[in-house]
Amino acid sequence: MGNNVTKDVQFKRYLKLELLPTPWCPGCGNGIVLKTICQAFYEINFPLQGTVVISGIGCAGRSAGFFNLDSVHTTHGRAVPVAEGIKYANEKLNVVVVSGDGDLMGIGGNHLLHAIRRNTNITVICFANEIYGMTGGQVSPITPKGVKTLTTPEGNPDNPIDIQHLFVGNKSFFARTSAYHLSHMKKCIIAALQFNGFSFVEARTMCIVNYGRRLGYKNSNAMLNHYKETYKINDNAEELAPNEIGILKGNFQADEQLYQ
Amino acid sequence: MSKQLLQGNQAIALAAEVAGMAFFSGYPITPASEIINDLVNRKQIKVLQMEDEISSIATVIGASLAGLKAMTATSGPGFSLMQENIGLAHMMEVPLVIVNVQRVGPSTGMPTLPAQGDIIQCIHGSHGDYFPIVFYPNSVAELYTHTITAFNAAEESLSPVILLSDAFISHLYETITPQSDFPIKNRERPPLGSGSRHFTGLSHDNSLPKTSDADNYRKLITRLREKQLITAQQYNYYEYRECRNETDTLLISYGALSRIAYYFKNEFSLFRPILMFPILGDLKRIALQYKKIIVMEMNTGQYAGEIERILHREVTLLPVLGGRISLEEIKNALSGVVTK
């Protein structure tokens, strides 16, 4: 190790490389998010000892076990309150939650609502793939209206949650990013990790096998291209349009110290 | 400490502090609310009021993994909500204490009246096989002592320990002299943030998930079970009063109802488990000396069923339902079953 090792590889110290490959399908975007989290950890020099990763259940829930630090794989939807317990018990720890949109916004939605209200100083990174992938492809809280899934064969009749609105008027941090926009994702995660309060990164990522495939995407690259063509970066936004990714302007920006 | 007039729930709060509890998380519910109401005034303890009982036990699990002794308190409806995470705490070997102050169920039931309807839920409420340690005191003094016992057993077994109470003894005021010279067990396992361990609800071996290895699962469950039995042996609390007069009947009762059982000490021998689960050999050894066994409880026969399973013979049920504990009614019911 030492100076000869480039930055490109050094993030790997945050991973239990011996456990690879991950259990995820070929073409899954979760690995991109996992890697970007580790790169963000590396860039701000998060200590291996003193950082804890907590996950819920689902495909993204399995990512916690790959971190080369203490990690907790909890029950479905309960990663956020377990993480809050850890943070309130030892405020010195860096506490990071990694989980999916179904876990965090569906079964765990009530906890998310209250964690935002409490502004607990933890970071949540949501692997937002718009689908319950592990169970075969059922509708999720952020599946767009009209989209066909296993449980919405006529098309999703409901509007998806636009989770950013929970953060408006609160002191918490919200960012949306995508698996195509790697440097933006890293920037969002770093800003979230450095934020002093509750921070949430909605990382749009692709599930080709149990979602995109049924929507007519040829492969996972086609889904990435869709992100590329759809999303415009709008950091410091009052509100993010459906075709925008970025960091939401919040009350926190009035206090420069919070960014440290 | 000097003599104090304490409510049962206050005794639990005081004892938790003596046991070294540093974290409490809960959701208001009758008849357990006095515990959180009391604890917020103890400055050494971090107290959270959460959005529900699911997040209450989740935060307690997190705080315990982070190194603090932690507890939650609830009643039946909240205890039901906690069940999934109780299984998680068993699987991840997280020490914590859950106080369940029982009220009449099912559902919303009779919220301010005592019951003992959560006995089976303690051991089978979560899915899969797990082997909890459960205590059930019957006085304010015992609530104090065995809150400390529960914390020690939790630390010893690295598992969630259940302290049962009921609306009667938790709302009872008695004078007690709280002792503080108990042996207190502390954690050996290092807290979160000091290694690269993976705590998971999946079947696992030494931090590694093993989701399709039957041999590993069998080994894991055997180890968890043995660990619970070994710990329970050290806290094998019960009360046995042999009848002065000739009798062939053993009256088994626990919690609030066991207080009225003392009234019949000259007619029957009395047995009162304090360690409710796991049921250890002493109950069987004592019960085998009697021809007739009556189990009096505030449910339709939950503990009686467990005793029958262990003794391989029928016992007589004496259910006291709806939160009404009347000596007259119990006398009549007892004379009914005895003459049968």
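Assorted remarks:
Residue-wise test of (1) of a type in the set (V, I, T); (2) touching a Leu at 6+ places or on another chain (Cβ under 6 Å).
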| position | (1), (2) |
| --- | --- |
| B:I279 | yes, no |
| B:A287 | no, yes |
| B:I293 | yes, yes |
| B:Q302 | no, no |
| B:I307 | yes, no |
| B:R313 | no, no |
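- Output for the range B:47-71, where each listed residue is touching an Asp or Glu at 6+ places or on another chain (Cβ under 6 Å) and more than 7 Å from chain A (Cβ to nearest Cβ): none
- Residue check, A:S99 more than 10 Å from chain B (Cβ to nearest Cβ), part of a helix (DSSP H, G or I), closer than 26 Å to B:P190 by Cβ and not hydrophobic (A, V, I, L, M, F, W, C): no
- Subset of the range B:187-203 (residues that are at the interface with another protein chain (Cβ under 9 Å from one of its Cβ atoms) and either open to solvent by less than 30 Å² (accessible area, probe 1.4 Å) or on the phi > 0 side of the Ramachandran plot (or both)): B:L192, B:G193, B:G195, B:H198, B:F199, B:T200
- Considering residues of the range B:72-88 that are within 14 Å of another protein chain (Cβ to nearest Cβ) and β-branched (V, I, T) only, the residue surrounded by the most Cβ atoms within 10 Å (Cβ to Cβ): B:T72
- Conditions (1) among the hydroxyl-bearing types (S, T, Y); (2) open to solvent by less than 30 Å² (accessible area, probe 1.4 Å); (3) at the interface with chain B (Cβ under 8 Å from one of its Cβ atoms); number of the one not met by A:S63: (3)
- Those residues of the range B:275-323 which are out of contact with any Phe, Trp or Tyr (no Cβ under 8 Å at 6 or more places or on another chain), crowded, with 20+ Cβ neighbours inside 10 Å and over 21 Å from B:I123 (Cα atoms), in sequence order: B:I293, B:L318, B:V320
- The condition of being outside the structural domain of B:S203 (by TED's automatic domain parsing), free of Cβ contacts under 8 Å to residues at least 12 places away in the same chain and in a helix (DSSP H, G or I) holds for only one of B:R223, B:R259, B:R285, that being B:R285.
- A count restricted to the range A:44-60 and to residues that are farther than 12 Å from A:R13 by Cα and more than 14 Å from chain B (Cβ to nearest Cβ) stands at 2.
- The residue that is surrounded by the fewest Cβ atoms within 10 Å (Cβ to Cβ), counting only those in the range A:66-87 that are within 22 Å of A:E18 (Cα to Cα) and more than 7 Å from chain B (Cβ to nearest Cβ), is A:F66.
The values are calculated or read from the model by the stated rules, or taken from the named source; none is laboratory data. Being a predicted model, the structure only gives us computed values, none of them experimental. Cβ sites come from the backbone with ideal geometry, for glycine too, and all protein chains shown count toward neighbours. Accessible surface areas use protein heavy atoms only, side chains included; no ligands, DNA or RNA. Shrake-Rupley method; radii C 1.70, N 1.55, O 1.52, S 1.80 Å.
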